[in-house]
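Enquirer: The following block contains the structure, expressed as structure tokens.
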Amino acid sequence: MLEVDDVLVAPPREGEVLVEIVASGLCHTDLTALEGSNVSAVYPLIPGHEGAGRVVETGPGVNSLQPGNHVIPLYGPECGTCAMCESGRTNLCWTIKKTRDRGVMPDGSSRFTRGPDQVHHFMGTSTLSRYTVVPEIALAKIRPDVPLDQVCLFGCGVTTGIGAAMQHVRSGDSVAVFGLGGIGVNIIQGARIAGATQIIGVDVTDAKNELAVQYGMTAFVDAADVGTDVVTAIQDLTSGGVDVGFECTGLLPVMRQTFDSCVAGWGQAVMLGVEPVGGEMSFPPVGVRYGKSIHGSYFGGIKGRSGLGALLDLFVDGKIDLEAQITHQLSLDQVNDGFDLMRKGKSVRSIVRFE
Ligand SMILES: [Zn+2]
Ligand SMILES: [Zn+2]
């Protein structure tokens, strides 16, 4: 259970920015922090990593942002100067990973206190606080004409799903999406934008079917249907397997199904779901010898500071929908209700609004 209470937020230090959060989506990774299964959660903490807001104050040395700028906090920063940022091969930037995973700012301290006690940051973002402090390199400045209480979803789920699809799907491809939650429906949306002609959704409940169809799903495979062999069903719907399979459940047997559902020669299995701690996936090496490949995707392969703008443009152009996936709008006092809805699978995205 989350406790809603007053915390003191200290001013931003060197390279840091104080942000007033307008809205924050609830994401499954926050739930793992509440349930104690997130290895980088240091307690007590303020969760939230899918927010949007405005810059209030900048610390010394900050020159890319000013008070009033609209921003999306990034759990994956983009410093622009490390080996990863300069490689052109990844959107990962681990410049501040060590301190972020210990729940503190890059200088090793927290900006949050409750009474005499330190409260930790979470994922470097802590967007379920009206005010939060975030390093400059972990803030994407965004165009000011978009509704912050919707585009907060670009802080995680929407970018993760749409980015992954746009990176891996080619025009004319067949695609399978395992798990039609917040990430899965956005993969469907991204696959449609990328020009996929066949988009197969796989889940154990058809509860989110309507949204998936609206976003571009062309066929549904019910994995809970006794007697349905998911892999065979997908092979039958396609010519022997899909060009790209996306795994969004984090379940090891589903990862294997995703791999097996991909077509020989070039099929790509893309892993997005987070496995249980220590979990290992198995696959037959012959599949790889015959051309299948396994990929991972983090934040949709999008570089947060330099790449998010193009996705926001697609939203403004009407190609990306956010409204239909926002199933619940909550006040901060209702935040626990939002996580209950998530546990019961009754929401796609719940948004906590601060104003
Ligand atoms: Zn998330
Ligand atoms: Zn970097």
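Enquirer: Based on the Cβ-Cβ distance from residue 323 to residue 54, what FRET efficiency comes out when R0 is 25 Å, to the nearest 0.05?
Expert: 0.70
Enquirer: Next question, about the same structure. Would you kindly derive the ³J(HN,Hα) couplings of the range 90-101 from the backbone phi angles with the Karplus curve 6.51 cos²θ - 1.76 cosθ + 1.60 (θ = phi - 60°), listing them in order in whole Hz, with x for Gly and Pro?
Expert: Rounded to whole hertz, the list is 8, 9, 6, 9, 9, 3, 10, 4, 4, 6, 4, 6.
Enquirer: Which links in 97/346; 97/141; 98/141; 98/303; 141/319 stretch past 27 Å when you go from one Cα to the other?
Expert: 97/346
Enquirer: For residue 222 and residue 274, what is the calculated FRET efficiency with R₀ set at 22 Å and r taken between the beta-carbons, to the nearest 0.05?
Expert: So, using R0 = 22 Å, E works out to roughly 0.35.
Enquirer: Also, quick follow-up: May I ask you to evaluate 6.51 cos²θ - 1.76 cosθ + 1.60, the Karplus curve with θ = phi - 60°, for each residue of the range 40-53 and list the ³J(HN,Hα) values in order in whole Hz, giving x for glycine and proline?
Expert: Per residue, the Karplus-derived 3J(HN,Hα) values read 9, 8, 10, 9, x, 9, 10, x, x, 8, 10, x, 8, x Hz.
Enquirer: Once amide H atoms are built 1.01 Å from N in the peptide plane, which residues 5 or more positions from residue 330, or in another chain, come under 5 Å H to H?
Expert: Distant-sequence amide H within range of residue 330: 351, 352, 353.
Enquirer: Given 40, 135, 338, which one lies farthest toward the positive end of the charge dipole of the chain, if we put +1 on the Cβ of every Lys and Arg and -1 on the Cβ of every Asp and Glu?
Expert: It is 135, whose Cα lies furthest towards the positive end.
Enquirer: On to the next question. Placing +1 at every Lys and Arg Cβ and -1 at every Asp and Glu Cβ, with all other atoms neutral, what dipole size does the chain have around its Cα centre, in debye to the nearest 20?
Expert: So the dipole magnitude of the chain works out to roughly 800 debye.
Enquirer: Which of these, 59, 278, 304, has the largest mean-square fluctuation under a Gaussian network model of the chain (Cα springs below 10 Å)?
Expert: Maximum among the listed residues: 278.
Enquirer: Here's a follow-up. Considering only the chain, what is the antiparallel percent among its DSSP beta bridges, to the nearest 5?
Expert: Antiparallel bridges: around 50 percent, rounded to the nearest 5.
Enquirer: Could you compute the net charge surrounding residue 303? Neighbours are other residues with a C-beta less than 13 Å from the C-beta of residue 303; K and R count +1, D and E count -1.
Expert: Here the count lands on 0.
Enquirer: Roughly how many nanometres apart are two label points built 7 Å out from the Cα toward the Cβ at residue 39 and residue 97?
Expert: About 1.1 nm, to one decimal.
Enquirer: Can you check what the net charge comes to around residue 231, using other residues whose Cβ is under 12 Å from the Cβ of residue 231 (Lys, Arg +1; Asp, Glu -1)?
Expert: So the environment of residue 231 carries a net charge of -2.
Enquirer: If I require 15 Å or longer along the helix axis, counting alpha carbons, and a Kyte-Doolittle average no lower than 0.5, what helices from the chain are left? Use full DSSP H segments.
Expert: Helix filter hits for the chain: 182-194, 304-316.
Enquirer: Over the range 161-297, calculate the relative contact order: mean separation of alpha carbon pairs under 8 Å at least 6 apart, over the residue count, as a percent.
Expert: 21
Enquirer: Taking the Cα centre of the range 161-297 as origin and charging only Cβ (+1 Lys, Arg; -1 Asp, Glu), how large is the dipole, in debye to the nearest 20?
Expert: Computed charge dipole of the range 161-297: roughly 440 debye.
Enquirer: Fewest to most neighbouring Cβ within 10 Å: what's the order for 346, 303?
Expert: Ascending number of Cβ neighbours within 10 Å: 346, 303.
Enquirer: Give me 8, 237, 45, 128 sorted ascending by neighbouring Cβ count inside 10 Å, so fewest comes first.
Expert: Taking fewest neighbouring Cβ atoms as first place, the list is 8, 237, 45, 128.
Enquirer: Assuming R0 = 41 Å, can you tell me the calculated FRET efficiency for the pair residue 8 and residue 206, based on Cβ-Cβ distance, to the nearest 0.05?
Expert: 0.30
Enquirer: With springs connecting C-alpha atoms under 10 Å apart, model the chain as a Gaussian network and identify which of 225, 101, 313 has the largest mean-square fluctuation.
Expert: Of 225, 101, 313, the most mobile in the Gaussian network model is 225.
Enquirer: With runs of 4+ DSSP H residues as the only contributors, calculate the mean residue ellipticity of the chain at 222 nm using -39,500 (n - 2.57) per run, divided by the residue total and rounded to the nearest 500.
Expert: My calculation for the chain gives -7500 deg cm²/dmol from helical runs alone.
Enquirer: Rg (Å, one decimal) plus Dmax (Å, integer) for the alpha carbons of the range 1-137?
Expert: Rg then Dmax for the range 1-137, in Å: 14.3, 45.
Enquirer: Okay, moving on. The chain: percent of C-alpha pairs farther apart than 24 Å?
Expert: Across the chain, Cα pairs with separations above 24 Å total 55 percent.
Enquirer: Have a look at 247, 16, 210 and tell me which one the Gaussian network model of the chain (Cα, springs below 10 Å) gives the largest fluctuation.
Expert: Largest GNM mean-square fluctuation: 210.
Enquirer: Each residue of the range 205-220 in order: what ³J(HN,Hα) in whole Hz does its phi give by Karplus 6.51 cos²θ - 1.76 cosθ + 1.60, θ = phi - 60°, with x for Gly and Pro?
Expert: 9, 9, 4, 9, 3, 4, 5, 4, 5, 4, 8, x, 5, 9, 8, 10
Enquirer: Is any residue of the range 1-23 close enough, with backbone N under 18 Å, to a label point placed 7 angstrom from the Cα of residue 314 along the Cα-Cβ axis, and if so, which?
Expert: Inside the label zone: nothing.
Enquirer: Amide H neighbours of residue 16 under 5 Å, counting only residues 5+ apart in sequence or on other chains, H built in-plane at 1.01 Å?
Expert: When sequence neighbours closer than 5 places are left aside, the close amide H contacts are 59, 136.
Enquirer: In the range 29-135, what GluC sites (Glu not before Pro) fall in a loop by DSSP, with at most 16 other Cβ atoms inside 10 Å?
Expert: Those that pass, being in a loop and sparsely packed, are 35.
Enquirer: Right, something else. Among 75, 298, 43, what is the fewest-to-most ranking by other Cβ atoms within 10 Å?
Expert: Sorted ascending by nearby Cβ count, the order is 43, 298, 75.
Enquirer: A further question follows. How high is the relative contact order of the chain, in percent, with contacts defined as C-alpha pairs under 8 Å that are six or more residues apart?
Expert: After rounding, I find 18 percent.
Enquirer: Excluding residue 13 itself, what net charge comes from residues whose Cβ is under 13 Å from its Cβ, given Lys and Arg +1 and Asp and Glu -1?
Expert: -4
Since every read-out is calculated from the coordinates, none of them should be taken as a lab result. Note that the coordinates shown come from a computational prediction; the quantities given were computed from them, not determined experimentally. Because the Cβ atoms are built from the backbone with ideal geometry, glycine has one as well, and the counts that use them run over all protein chains shown.
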